[in-house]
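Here is the structure we will look at.
The values are calculated or read from the model by the stated rules, or taken from the named source; none is laboratory data. Keep in mind that what you see is a predicted model, and the values were worked out from it rather than measured. Please note: Cβ atoms are built from the backbone with ideal geometry, for glycine as well, and neighbour counts cover all protein chains shown.
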Amino acid sequence: MLGSGTSGLRVREVMQAVAATVGLRDISAQISFTDVVLTVRRRSTFRTQVSEIARPAVDAHRIDLLQRFGQTLPARATVAEVSGRLDAIENQPKLYRAWLTVLLVALACASVTVLGNGGPREVAAVLPASGLAYAAHRVWQRLDLNHLASVATTAALATGLYVGFTRIIDLAFAAPSPRLAAGFICAAIFLIPGFPLVTAGLDLARVDMETGVPRLAYALMVLLSITIGVWLVATASGISPDAVPTLTGAWVWPAWMVASWCAVFGWAVMFNAPWQAAVASGVCAALGNVPRLLLIEFGVKPYIATFIGCFLMGLLCAVAARAFDLNKIIMTVPTVLVSIPGAPLLRTLLYFDKADIVSAMTQGVSTILAVISLVAGLAAARMLTDPEWTFTRPWRPGERLSHRLFGRPDA
């Protein structure tokens, strides 16, 4: 579960379930981002083992299977029986073919371009640029290249291809597009470490420093690598940091709803989420992201609108997960990623490059506040719908709030 990208809380839950099934009553674990130190005791005997994660990854389907595995374990089972079920989960193939994943990731990046006020020309450039860059990134991952180096190279490749395709399209229209910047960072948006970033925020919200801090550090390192790759191309291409014109017309709101669904569906497929969860995540994003955009349209500060939108999306994911027996964590992460502040991040880089420190700091603070609001909105929704996040002490089966306040009647 740790190697599939889930939070430390869920890892502990499944470990406790397995321990109870095989007859171990006393276990303690230290969980970080890349390793688990586990000690088990029986009477006066104890054993300690260290397991390391070779390479951080995200596999939503495996998270779902392992969580259901922990929930359906029998009261008693042998180690061999449990190990056999785990082997079956580990040997599950990917749910989607590589070519389909590449196409849907490209569609997701193009959809984010629409949400960033990009027009048809920008969408037409982002589609092939992001698809080719993502395909190259998968090859580099398979070759086990240095992760941060491959991220920076992929970011440069995606944005460089985007600039090249826009130049070709500009020749056809005999004029440059005023919305060029709208799709620039969207071509590399698939590199955003969504799962580590969101799960780090959730771990830190539970004051789980041992898991949350390394995960957050990893996410920041990946973001820095993306920044380096994007910055190189932005400097060479001379993209303007000025905000692009806002899209207008009666078609804008329906387009934003469709784009929100397509973006989240594509990201969910990239994370290898089951198609039912991917469809439901897209619906939750469409219903939660449009109010966020509407609030910004009416002058609400972007970080406040982001908090409200992500809080609403978190609630919608909780309702959908309960109604359709879906896994909540693999739904919420791709859903809230539709609120990633890509445009302010790009303007921060470009203003720094032009030595406009005041404007760069303004955009940088806006970006940081938006990311904090994204995680805070999701954490608030999780605390409202999940007692395990509301209370620090584990919530026992059958326990009620009155029992926790006043004690059990039979105590």
Can you list residue pairs whose Cβ atoms sit under 9 Å apart, with the first residue in the stretch 147-164 being in contact (Cβ under 8 Å) with a residue 12 or more places away in the chain and the second being among the acidic types (Asp, Glu) and buried (at least 21 other Cβ atoms within 10 Å of the Cβ)? Count only pairs 6 or more apart in sequence or on different chains. 162/122
Among (1) closer than 21 Å to residue 242 by Cα; (2) surrounded by fewer than 19 Cβ atoms within 10 Å (Cβ to Cβ) - the single one residue 141 does not satisfy: (1)
Would you tally the residues in the stretch 173-214 being closer than 27 Å to residue 59 by Cβ and assigned to a helix (DSSP H, G or I)? 25
Expected output for the stretch 351-371 (first residue within 23 Å of residue 201 (Cβ to Cβ) and touching a residue at least 12 places away in the same chain (Cβ under 8 Å), partner among the hydroxyl-bearing types (Ser, Thr, Tyr) and surrounded by 15 or more Cβ atoms within 10 Å (Cβ to Cβ), Cβ below 7 Å, 6+ apart or cross-chain) is 363/348; 363/351; 364/348; 367/348; 369/303; 370/303; 370/306
What residue, of 47, 76, 43, 55, is closer than 26 Å to residue 157 by Cα, of a type in the set (D, E, K, R) and surrounded by fewer than 18 Cβ atoms within 10 Å (Cβ to Cβ)? 55
If residue 289 meets every condition in (1) assigned to a helix (DSSP H, G or I); (2) polar (S, T, N, Q); (3) over 22 Å from residue 323 (Cα atoms) apart from one, which number is that one? (3)
Please specify each residue of the stretch 103-126 satisfying the condition of being surrounded by fewer than 24 Cβ atoms within 10 Å (Cβ to Cβ), small (Gly, Ala, Ser) and assigned to a helix (DSSP H, G or I). 106, 124
Search result, residues across the stretch 186-218 that are under 19 Å from residue 148 (Cα atoms) and basic (Lys, Arg): 215
Can you name the residue in the stretch 6-33 that is in a strand (DSSP E or B) and among the aliphatic types (A, V, I, L, M) and, of all such residues, is nearest to residue 201 (Cα to Cα)? 31
Hits in the stretch 58-68 - residues which are surrounded by 19 or more Cβ atoms within 10 Å (Cβ to Cβ) and closer than 24 Å to residue 26 by Cα: 66, 67
Got at least one residue in the stretch 53-68 being more than 30 Å from residue 222 (Cα to Cα) and not small (Gly, Ala, Ser)? yes
Residue pairs, Cβ under 8 Å, 6 or more apart or interchain, first in the stretch 77-93 and of a type outside the set (Lys, Arg), second part of a loop (DSSP other than H, G, I, E, B) and surrounded by 14 or more Cβ atoms within 10 Å (Cβ to Cβ). List them. 77/22; 78/22; 79/22; 82/22; 82/73
The condition of being aliphatic (A, V, I, L, M) and within 24 Å of residue 55 (Cα to Cα) holds, among 189, 168, only for 189
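Condition check ((1) touching a Ser or Thr at 6+ places or on another chain (Cβ under 9 Å); (2) more than 19 Å from residue 263 (Cβ to Cβ)) across all residues:
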{"position": "299", "(1), (2)": "no, yes"}
{"position": "303", "(1), (2)": "yes, yes"}
{"position": "314", "(1), (2)": "yes, no"}
{"position": "324", "(1), (2)": "no, yes"}
{"position": "345", "(1), (2)": "yes, no"}
{"position": "355", "(1), (2)": "no, yes"}
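Table: residues versus (1) under 24 Å from residue 159 (Cα atoms); (2) buried (at least 17 other Cβ atoms within 10 Å of the Cβ); (3) at pLDDT 85 or above.
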site: 351; (1), (2), (3): yes, yes, no
site: 354; (1), (2), (3): yes, no, no
site: 361; (1), (2), (3): yes, no, yes
site: 365; (1), (2), (3): yes, no, yes
site: 372; (1), (2), (3): no, no, yes
